[in-house]
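J.: My questions will all concern the structure given below.
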Amino acid sequence: MKSVVVTGASTGIGHACVKVLLGQGIRVFGSVRKQADADRLKSEFGANFTPLIFDVTNQAAVRQGASLVEKALGGDTLFGLVNNAGIAVAGPLLYLGLDEMRQQMEVNLISQLSVTQAFAPLLGADRSRKGEPGRIVMMSSIGGKNAFPFMGPYSASKFALEGLSESLRRELMIFGIDVILIRPGAVATPIWDKADEIDPAQFANTPYATSLEKIKKMMLAQGRSGYPPERIGRAVLKALTARRPKTAYTENPAKAQGIAVRLLPKRVLDAAVASQLGLKRKGRQ
């Protein structure tokens, strides 16, 4: 039986990936941070799902999780690793706490490398294992190709993940391990609900107060009208199983916006965003 590890499996895209993969007869090891989530998912998904309890920022716990998977595999290779766990930090960069920025990069970038290092031997970097080399799927974002105002920390982490993944893909060719990016646009998951937690009041004495209110409403609306997370799960399945996979798959419901981002000059996009969010320069008081 093929086996795949999915990080951040408790809700949203990770949960959907587990569901889709199990539906294809693939055994899944899913990482969660809480025992309650492990128990819930085990009850929901049954025998072919094994919870791994670790926070991706805890390197020792990640390696312990990899050891559990190694024992379950025997001497076989791991079919796939889906680096999905992540967070989204929002706010104007001039007023953002640096600890918030560090946390964003720690979870969305450094931890992705930590998890990859821990599971790479099982994917085939250890050449003594039996079976074809596995694949790594990195969960990026359309925010990793185009950065919106006030999503700078998140986009910075995803832009960096794109670069890390490209280097990694080329370095791992020596082992036959492929690295494939998934770039979701708006997806109807709980991460968008967190936009409602953004409190523009903390930036009330900055020039961005009104603009933050506008983007908060936009984010909530996009989340409610986004793709179902199972669609991203199916893209992950394709990345893992296609005979000749692309290096990246983009799943963006805002197709017109995606075309505009690709084709229009950056200055034109800047002007459009500034007009939409009220970021045009005002005259001196």
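The values are calculated or read from the model by the stated rules, or taken from the named source; none is laboratory data. Quick caveat, the model's predicted, so the values are computed rather than measured. Cβ atoms come from the backbone with ideal geometry, glycine included; neighbour counts cover every protein chain shown.
J.: Hey, residue 143 hits all of (1) buried (at least 20 other Cβ atoms within 10 Å of the Cβ); (2) part of a helix (DSSP H, G or I); (3) modelled with pLDDT of 95 or more but one; which does it fall short on?
T.: (3)
J.: Quick check, is residue 114 farther than 30 Å from residue 209 by Cα and out of contact with any helix residue (DSSP H, G or I) (no Cβ under 8 Å at 6 or more places or on another chain)?
T.: No, not satisfied.
J.: May I ask you to list the residues in segment 98-129 that are of a type in the set (Lys, Arg) and over 17 Å from residue 150 (Cα atoms)?
T.: Residues satisfying the conditions are 127, 129.
Residue by residue, here is whether (1) surrounded by 14 or more Cβ atoms within 10 Å (Cβ to Cβ); (2) modelled with pLDDT under 85; (3) in contact with a helix residue (DSSP H, G or I) (Cβ under 9 Å, 6 or more places away or on another chain) holds:
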{"residue": "196", "(1), (2), (3)": "no, yes, yes"}
{"residue": "230", "(1), (2), (3)": "yes, no, yes"}
{"residue": "244", "(1), (2), (3)": "no, no, no"}
{"residue": "256", "(1), (2), (3)": "no, yes, no"}
{"residue": "265", "(1), (2), (3)": "no, no, no"}
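J.: Hey, another quick one. Which is outside any helix (DSSP H, G or I), in contact with a Phe, Trp or Tyr (Cβ under 7 Å, 6 or more places away or on another chain) and of a type in the set (Ser, Thr, Tyr), of 206, 250?
T.: 206
J.: Consider residue 211 carefully, then state whether it is assigned to a helix (DSSP H, G or I), buried (at least 18 other Cβ atoms within 10 Å of the Cβ), polar (S, T, N, Q) and at negative phi.
T.: Criteria met by residue 211.
J.: While we're looking at this one, here's another question. Could you check residue 51 against (1) in a helix (DSSP H, G or I); (2) more than 30 Å from residue 150 (Cβ to Cβ) and say which number it fails?
T.: (1)
J.: Okay, next question. Output the residues belonging to segment 220-265 that are more than 30 Å from residue 26 (Cβ to Cβ) and of a type in the set (A, V, I, L, M, F, W, C).
T.: 220, 221, 254, 256, 259, 260, 261, 263, 264
J.: Of everything in segment 85-109 that's touching a residue at least 12 places away in the same chain (Cβ under 8 Å), assigned to a helix (DSSP H, G or I) and of a type in the set (A, V, I, L, M, F, W, C), which residue is surrounded by the fewest Cβ atoms within 10 Å (Cβ to Cβ)?
T.: Here the residue is 94.
J.: Select, from 28, 62, the only residue that is in a strand (DSSP E or B), of a type in the set (A, V, I, L, M, F, W, C) and buried (at least 18 other Cβ atoms within 10 Å of the Cβ).
T.: Only one candidate passes the filter, namely 28.
Quick grid of which residues meet (1) of a type in the set (A, V, I, L, M); (2) assigned to a loop (DSSP other than H, G, I, E, B); (3) on the phi > 0 side of the Ramachandran plot:
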position: 148; (1), (2), (3): no, yes, no
position: 155; (1), (2), (3): no, no, no
position: 161; (1), (2), (3): yes, no, no
position: 169; (1), (2), (3): no, no, no
position: 173; (1), (2), (3): yes, no, no
position: 179; (1), (2), (3): yes, no, no
